[in-house]
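Notes follow the structure.
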């Protein structure tokens, strides 16, 4: 019988590989401050004004999405500090035009919530465009009911923090394109709104005084 060879333990020890040390992930570099934010506040405000103020002489009116969500400029989305420093400056120079259907104010309520009280208080202008069209299926409101609806809307605006002297109402082009009672109803709503908002402003000013 042949001899049985025993394994050389010394060689086995030599060939055994040592465990590898896990590599450490590189440390991320510290965040850098934007050169813009290192400028004095007065100079930053001038830059913000140039970036956010329209250059045309005509008034540009911003229209929210049907859901009431408003698209904001990219500058307001850059970082937390820029958003805090530019948001109210932007809204103070902005006029927003939003469709208004008195029988369904859900989107309008979403708009007020999305904008927030602080921004509504400085808003440059808010134009409510009356879109109710009777001949296209909208409901006709009796004058007394219409006035109650206008007052309810004014209370909603005031409670949301809207600057009341920035609010106006206009009538959209009739969806049925025929006019008639539908057009006269829209005009009546605008007339009631203009009359009641004047008294509402006077009441608010008297309470502040």
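Values quoted throughout were computed directly from the atomic coordinates according to the rules given, and no laboratory measurement underlies them. Quick caveat, the model's predicted, so the values are computed rather than measured.
Using 0.36 nm per residue and subtracting the Cα-Cα separation, the extra length available between residue 37 and residue 148 on full extension is 35.0 nm.
Available extension along the chain between residue 172 and residue 53 is 40.2 nm, counting 0.36 nm per residue and deducting the alpha carbon span. Here is the tail figure for region 94-209: Cα pairs spaced more than 21 Å apart come to 36 percent of all pairs. Length gained on full extension, residue 156 to residue 69: 29.5 nm, using 0.36 nm per residue less the C-alpha separation.
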